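The structure appears right after this line, and notes come after that.
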Amino acid sequence: MKEVITASDATSIGGYQPSPILLNLPLLSALLSLALAQFLKPFSCWVKDRRWDSRKMLGSGGMPSSHSATVTALATSIGLQEGIQGSAFAIAAVLACVVMYDASGVRLHAGRQAELLNQIVCELPPEHPVSSIKPLRDSLGHTPVQVVAGAILGCVVALLMRN
């Protein structure tokens, strides 16, 4: 009688076994969404302003919101994998709402305040003690359109990774 060896038997005999973290679809969806959103930022900057700025790949702010893409992919992937009635989905959905509200509210307004403060400092005479301070980062938050674009990206990535 011939013995049949399955793929799982072959990996347990001495083949490669992927780490359980590499099989965590919600985590992979979130990380891929984050990377994809950051990768797209210089392109959206080029479309909008006709200038290429590769530093946008590592910065906050801009189109699409990588924060929104990340948390939305996480929540969507958990919902698809475990159902929307579970505690994990509830936690991920609330986290997504908080992050997106913060990105388009608190952080957006903090960035606008930084713009105004930078403008005020630039208009100070050179002898003023704060006239030579380093400008504040003003690209902190996201417009609602950038948040929605990130959320859509996150949902699409989670859906595509499931299939």
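Coordinate-derived values only; no laboratory data. Here the structure is a predicted model, which is why all the values come from computation and not from measurement. FYI the Cβ positions are ideal-geometry reconstructions off the backbone, even for glycines, and counts take in every protein chain you see.
See the values below:
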read-out: Integer Hz, Karplus 6.51/-1.76/1.60 couplings in order for the range 150-163, x for Gly and Pro; value: x, 5, 5, 4, x, 5, 5, 4, 4, 5, 5, 6, 6, 8
read-out: Fewest-first ranking of MET161, MET63, using other Cβ atoms within 10 Å as the exposure measure; value: MET161, MET63
read-out: ILE120/LEU25 FRET efficiency (R0 41 Å; Cβ-Cβ; nearest 0.05); value: 0.25
read-out: Per-pair calculated FRET efficiency, R0 = 35 Å: GLU127 and TYR101 via Cβ, rounded to 0.05; value: 0.25
read-out: Using a Förster distance of 41 Å, the FRET efficiency for HIS109-LEU160 (Cβ separation, nearest 0.05); value: 0.75
